[in-house]
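Novice: Take a look at this one; I'll ask things after.
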Amino acid sequence: MLLVPHLLPPGAARLVSPRPRHYVHLPDPVTVAASAAPSTSSAAAATYDSVLASLNSRRYDFSPLLDFISSPSASAQGPGGAGKESAPPTSLDPEELRLAETYRAVPAHVWHTLLKNLAASPDTLPSAAALVPWLERHRLCFSSDLLYSILIHALGRHRRLHHALLLSSSSPAPSPLTLNALISASALNGRPGLALQLLTLLRRHGFLSDHPNYTLILQSLVRSPDPPDPNLLETLLFDLLSTSLEPDARLLSDFVAAFAHAGDPDRALSLVSAAQAQGLTPKSSAVVALLSALGAAGRVPEAEAVFLEFHSSGLQPRTRAYNALLKGYVKIGALKDAELIFEDMERCGVSPDEGTYSLLIDAYTNAGRWESARILIKEMEANDVQPNSYVFSRILASLRDKGDWQKSFAILREMRSNGVQPDRHFYNVMIDTFGKYNCLHHAMDVFDRMRLDGITPDEITWNTLIDAHCKAGRHDRAMELFKQMQQSGCIPCATTYNIMINSLGEQEKWEELKEMFEKMKGQGLLPNVVTYTTLVDVYGKSGRFKEAIEFLEAMKASGMKPSPTMYHALVNAYAQRGLSEQAINAFRVMRADGIKPTVLVLNSLINAFGEDRRDNEAFSVLQYMKENDLKPDVVTYTTLMKALVRVEKFEKVPAVYEEMISSGCTPDRKARAMLRSALRYMKQAHTW
């Protein structure tokens with residue numbers, strides 16, 4: 001069996017499997033449970049007493065066994081020594097044999113109960129880890145898969161995933177019990193990518209997953225710093241539906257919440273409809289997540305409809321539901337509606353919280369009503385809702401988005417005058433504010449102040465700083481920050497790696513980029529749509545189209561659906577080099593993949609034809625847009641004018657400019673410059 005160093009008590013060193021082919025001796029990887037051995041720990045001793053009392057059995061006394069597997073005298077090595085990679089010992093201590101014989105009549109369910117009780121506490125977990133191989137060694141309990149699944153579950157709950165994985169390697173073949181336990185442990189420890197890989201392995205062997213594992217994976221994806229990938233969620237849902245498992249209200253609610261967090265409210269809405277068709281009512285948390293997603297997308301009428309439907313069905317909206325709807329009104333700038341929602345909450349007896357006030361303050365700040373926001377802060381205090389750092393961070397974010405970043409320090413002073421200390425979220429927003437306006441010295445000052453205040457930067461802090469330096473062209477400094485992030489103990493997430501992959505691609509450091517991509521996968525992080533889009537973009541811009549296409553195909557092979565943004569990156573890369581045939585081929589593949597073209601993609605296609613001096617084809621794209629109800633924008637017409645200038649058809653440019661104005665587009669600086677260029681060339685030609 002498996003010997004896990006530093007997890008087993010001293011007596012476990014000799015407790016190995018009697019079957020040589022399963023004997024695995026592991027090196028000293030990660031130290032687990034640095035606490036004293038159970039026999040010397042008062043906490044563990046108390047836990048032992050509790051374990052023994054909970055068994056409530058007069059027939060079996062497990063005290064001698066627990067003393068044996070946890071005593072220093074039990075650490076005597078067998079032949080060859082347990083510390084070396086040798087065959088397991090072939091002889092046993094007579095005392096150990098006599099001890100084993102006294103437990104020969106203990107039924108399996110009693111051993112299971114003992115193991116569960118020992119595994120429930122971190123103090124006695126080492127003894128639980130020692131008990132399993134001891135039982136196998138003496139063949140006292142033959143349901144070894146169940147024993148190991150109990151132990152793996154416990155290791156997962158105690159955040160010792162590494163040791164759960166090591167323990168599972170002792171199994172001669174994968175079993176549904178151990179694989180399901182590993183899926184659960186991976187999800188609980190925030191490793192959804194690993195959990196999905198194990199789920200694939202489980203299905204490959206023809207086993208079914210436990211129902212709760214889907215919930216655990218979904219919750220792990222939602223808790224991740226990065227939004228879940230909708231395509232990944234679709235794969236997980238398809239896997240569930242392809243089995244004989246019937247999703248219940250809770251599981252469907254988890255899928256609704258996950259798609260909402262992934263920014264796919266349409267899929268979340270369809271699942272809500274499916275649940276209702278089966279007579280199931282989604283959980284209120286799923287409805288709130290859906291309302292929030294619709295609000296964030298500015299789809300307020302749909303959010304209102306969902307809110308009213310569930311209100312009329314008997315679900316009493318609480319503060320979070322009102323906040324989700326309020327978020328939508330703030331998003332579209334409907335200040336009056338936001339105020340009405342606030343009044344409706346008070347009328348229905350629903351108490352606003354700091355989130356409610358923060359959103360309404362957002363609305364006032366966006367409307368330039370700073371005094372109204374200050375009055376609302378005073379009202380919060382009068383209603384015993386103390387303004388917190390989040391409230392002021394929302395004000396700061398609103399000013400940032402309006403370009404009033406210079407008021408950041410005034411917000412900080414206002415905050416301190418109200419007796420509120422900045423927290424991590426406030427500092428993150430402040431760093432992002434300075435980063436967006438290329439004030440990197442201010443951003444680093446805030447970062448230093450944050451740490452002086454005893455606040456540990458999280459992955460959002462590091463990502464914001466790294467990204468700001470990358471966008472400013474400070475790639476070397478960004479790499480230094482990436483290394484500092486890891487040295488500080490903060491583990492990079494998928495967003496971190498996406499930022500670094502883009503940075504290395506912009507520098508055309510291809511070998512380092514590949515190493516970064518492999519490091520990301522080696523950490524157990526699944527590349528998402530943003531990862532592949534970034535790879536296609538950086539390789540395409542550098543003319544390395546072979547690699548760009550390879551990553552596009554790799555993405556499809558992994559079950560993810562390419563986004564319009566990815567095809568835009570590819571078409572635009574071809575366009576920049578005047579490769580119109582390759583651009584149109586990429587467009588055809590996009591259509592074959594069932595992706596509707598966007599104005600961005602079609603503008604890039606127009607640019608590709610223009611760069612290749614094919615102005616007739618460029619105008620055929622404009623006609624395609626009109627026939628498919630895609631409204632051309634100012635970039636469309638400017639790119640068409642540029643195509644005409646390239647082929648010296650200057651006289652046609654003013655007509656395109658006039659059509660742009662008549663279509664409702666406001667010419668920008670580039671459009672006006674293109675018209676002036678054409679008129680100048682026409683004047684010169686007339687003079688000659």
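Every number in this text was worked out from the coordinates using simple rules, so none of it is lab data. On a predicted model such as this, the values are computed, not experimentally measured, just so you know. So basically every Cβ, Gly included, is an ideal-geometry build from the backbone, and we count neighbours across all protein chains shown.
Novice: What aspartates and glutamates could a cross-link reach from LYS336, if we take a straight Cα to Cα line under 19 Å and drop same-chain neighbours fewer than 8 places away?
Specialist: Answer for LYS336, where 19 Å is the Cα cut-off: GLU302, GLU304, ASP344, GLU346, ASP362, GLU371, GLU379, listed by chain and number.
Novice: Here is a follow-up. Give me the dipole magnitude in Debye, nearest 20, for segment 586-688 about the Cα centre, with unit charges on the beta carbon: positive for Lys and Arg, negative for Asp and Glu.
Specialist: In total the dipole reaches around 320 debye.
Novice: Right, next: If packing is taken as the average number of other Cβ atoms within 10 Å across a peptide's residues, how do 530-537, 245-252 rank, most packed first?
Specialist: 530-537, 245-252
Novice: Run the simple label-point estimate for GLU480 and ASP67 please: 7 Å along Cα→C-beta, distance reported in nm.
Specialist: 6.2
Novice: If you wrap a convex hull around the C-alpha atoms of segment 438-520 and split its volume per residue, what is the figure in Å³?
Specialist: 78
Novice: Mind giving me the FRET efficiency for SER312 and LEU97? R0 is 51 Å, r the Cβ-Cβ distance, nearest 0.05 is fine.
Specialist: The computed FRET efficiency comes out at 0.10.
Novice: Can I ask one more? Using only Cα atoms and rounding to the nearest 10 degrees, what angle (0 to 90) does helix 459-471 make with the longest principal axis of the chain?
Specialist: With rounding to tens, the tilt is 40 degrees.
Novice: Exposure proxy check: VAL645, VAL132 ranked by fewest other beta carbons within 10 Å?
Specialist: VAL645, VAL132
Novice: A follow-up question, please. Provide ARG98, ARG591 in ascending order of the number of other Cβ atoms located within 10 Å of each residue's Cβ, fewest first.
Specialist: ARG98, ARG591
Novice: How do 433-442, 510-519 rank on mean C-beta neighbours within 10 Å, highest first?
Specialist: Final packing ranking: 433-442, 510-519.
Novice: OK, next. Taking the Cβ of THR319 as the center, what net charge do the other residues with Cβ under 13 Å away carry, scoring Lys and Arg +1 and Asp and Glu -1?
Specialist: Result for the neighbourhood of THR319: -1.
Novice: Net charge near LYS561: determine it from the other residues with C-beta under 10 Å of the C-beta of LYS561, scoring Lys and Arg +1 and Asp and Glu -1.
Specialist: Every neighbour counted, the sum reads -2.
Novice: Post the alpha-carbon centroid distance, segment 194-210 to segment 219-256, in whole angstrom.
Specialist: 14
Novice: Now for a separate question. Using the number of other C-beta atoms within 10 angstrom as an exposure proxy, rank TYR637, TYR364, TYR103 with the fewest first.
Specialist: Placing the least packed residue first, the sequence is TYR103, TYR364, TYR637.
Novice: While we're here: Taking LYS483 as the anchor, which lysines have their alpha carbon closer than 24 Å to its alpha carbon, excluding any fewer than eight residues away along the same chain?
Specialist: Reachable lysines: LYS436, LYS471, LYS509, LYS514, LYS519, LYS521.
Novice: Still on this structure, please answer the following. Report the calculated FRET efficiency for ARG416 and ALA296 (r = Cβ-Cβ distance, R0 = 25 Å), to the nearest 0.05.
Specialist: 0.25
Novice: Next question. Can you list residues whose amide H is under 5 Å from ASN438's amide H, if they're 5+ apart or on another chain and H is modeled 1.01 Å from N?
Specialist: Excluding prolines and chain starts, which carry no amide H, there are no hits.
Novice: Quick one: length gained pulling GLU581 to ASP629 fully straight, 0.36 nm per residue minus the C-alpha distance?
Specialist: 14.8 nm
Novice: In whole Å, what are the extents of the chain along the principal axes defined by its C-alpha atoms, from largest to smallest?
Specialist: 113, 64, 55
Novice: Then there is this: What's the local net charge at GLN576, with K and R +1, D and E -1, over the other residues with C-beta under 9 Å away?
Specialist: Its environment carries a net charge of +1.
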